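Trainee: Below you'll find the structure I mean.
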Amino acid sequence: MKIIMLGAPGAGKGTQAKQIAAKYQIPHISTGDIFRANIKNGTELGMKAKSYMDAGGLVPDDVTIGMLLDRISEPDSKNGYVLDGFPRTIPQAESLTKALAERGENIDYAIDVDVPDEAIVSRMSGRRACVSCGATYHIVYNPTKKEGICDACGQTLILRDDDKPETVQKRLSVYHEQTQPLIDYYSKEGKLVTVDGTQDLNDVFRDIVKVLGE
Ligand code: ADP
Ligand code: ADP
Ligand code: ZN
């Protein structure tokens with residue numbers, strides 16, 4: 001099963017993608033996580049990405065597309081994957097469609113986790129992230145068992161620099177300009193599924209499972 005998560009920054013794509021990955025036994029591929037790991041390790045890719053991410057903009061397509069196509073060519077991606085944070089632009093979506101078509105493959109579902117802008121800022125300010133395993137929590141809506149410590153791997157959680165309210169506003173406008181058109185793109189491809197992302201996170205997941213199957 002090949003799945004794309006769509007939705008604004010903070011809509012809950014990562015939270016749902018983790019659960020999908022666990023239930024359907026497919027890798028969770030987050031371009032944001034890959035960039036953050038590269039920044040942490042001081043790689044060339046990380047250095048290229050950092051300034052764009054800090055400013056709340058998008059990393060250029062030529063950097064991002066190659067990285068993602070390499071990642072889905074790895075052996076663990078043979079039976080599918082859930083993409084979280086890619087594609088984010090029409091050229092990214094077109095490159096993915098084309099690369100898959102060359103192998104006689106295609107995406108099964110593009111799941112749009114729909115949350116209005118008003119709800120996003122409070123989600124982001126309460127988000128805590130694990131740079132080690134990519135898990136995300138929320139201080140109110142999805143707290144960890146032990147404050148500040150990742151339930152999944154025991155590392156210390158951080159508040160991401162780009163989750164500050166000013167940067168969140170910028171990311172939301174980038175989302176509306178460059179990423180929202182993908183909803184139309186996947187609707188025309190007949191792949192779009194919309195779920196109400198304002199519900200409790202377990203209810204959002206239940207709606208997704210209804211579509212993907214038990
Ligand atoms: P969120 O989960 O809040 O939507 P991500 O972790 O997916 O954020 O992404 C963080 C940042 O990484 C983005 O704001 C952007 O700068 C960069 N990024 C991630 N994925 C992409 C992509 N597909 N294209 C361009 N930039 C990306
Ligand atoms: P994205 O990957 O789309 O940027 P995340 O999955 O990281 O979003 O979620 C953003 C923040 O909102 C996190 O702090 C997360 O714990 C919280 N969150 C996710 N889903 C919900 C939900 N349905 N209700 C309330 N908070 C949520
Ligand atoms: Zn962790």
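The values are calculated or read from the model by the stated rules, or taken from the named source; none is laboratory data. In this text the structure is predicted, and so the values were computed from the model without any measurement. Backbone-built Cβ (ideal geometry, glycine too); neighbour counts: all protein chains shown.
Trainee: For residues that are more than 12 Å from ligand 2 (Cβ to nearest atom) and not aliphatic (A, V, I, L, M), scanning just region 109-122, find the one that is surrounded by the fewest Cβ atoms within 10 Å (Cβ to Cβ).
Mentor: Within region 109-122, the match that is surrounded by the fewest Cβ atoms within 10 Å (Cβ to Cβ) is 118.
Trainee: So which helices (runs of 4 or more DSSP H) are wholly in region 1-84 and hold at least 3 residues that are closer than 15 Å to residue 129 by Cβ and touching a residue at least 40 places away in the same chain (Cβ under 8 Å)?
Mentor: In region 1-84, the matching helices (runs of 4 or more DSSP H) lie at 13-24, 31-40.
Trainee: Quick test for you: out of 156, 198, 194, 179, pick the one residue that is polar (S, T, N, Q), touching a Cys at 6+ places or on another chain (Cβ under 9 Å) and modelled with pLDDT of 95 or more.
Mentor: Among 156, 198, 194, 179, only 156 is polar (S, T, N, Q), touching a Cys at 6+ places or on another chain (Cβ under 9 Å) and modelled with pLDDT of 95 or more.
Trainee: For residue 100, are the conditions met, namely being more than 13 Å from ligand 1 (Cβ to nearest atom), under 20 Å from residue 30 (Cα atoms) and modelled with pLDDT of 95 or more?
Mentor: The answer is yes for residue 100.
Trainee: Taking region 126-142 as the search range and keeping residues that are surrounded by fewer than 18 Cβ atoms within 10 Å (Cβ to Cβ), within 14 Å of ligand 1 (Cβ to nearest atom) and not small (Gly, Ala, Ser), which one is farthest from residue 161 (Cα to Cα)?
Mentor: Step by step, filter region 126-142, then rank; the result is 133.
Yes/no per residue for (1) crowded, with 17+ Cβ neighbours inside 10 Å; (2) outside any helix (DSSP H, G or I):
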| residue | (1), (2) |
| --- | --- |
| 98 | no, no |
| 107 | yes, yes |
| 124 | yes, no |
| 144 | yes, yes |
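Trainee: Next question, about the same structure. Go through region 135-155 and give me each residue that's more than 17 Å from the chain's Cα centre (by Cα) and touching a residue at least 24 places away in the same chain (Cβ under 8 Å).
Mentor: 141, 142, 155, listed by residue number.
Trainee: Select from region 13-37 the residues that are farther than 20 Å from residue 96 by Cβ and modelled with pLDDT of 95 or more and write down the one among them that is surrounded by the most Cβ atoms within 10 Å (Cβ to Cβ).
Mentor: Restricting to residues being farther than 20 Å from residue 96 by Cβ and modelled with pLDDT of 95 or more, the top hit is 15.
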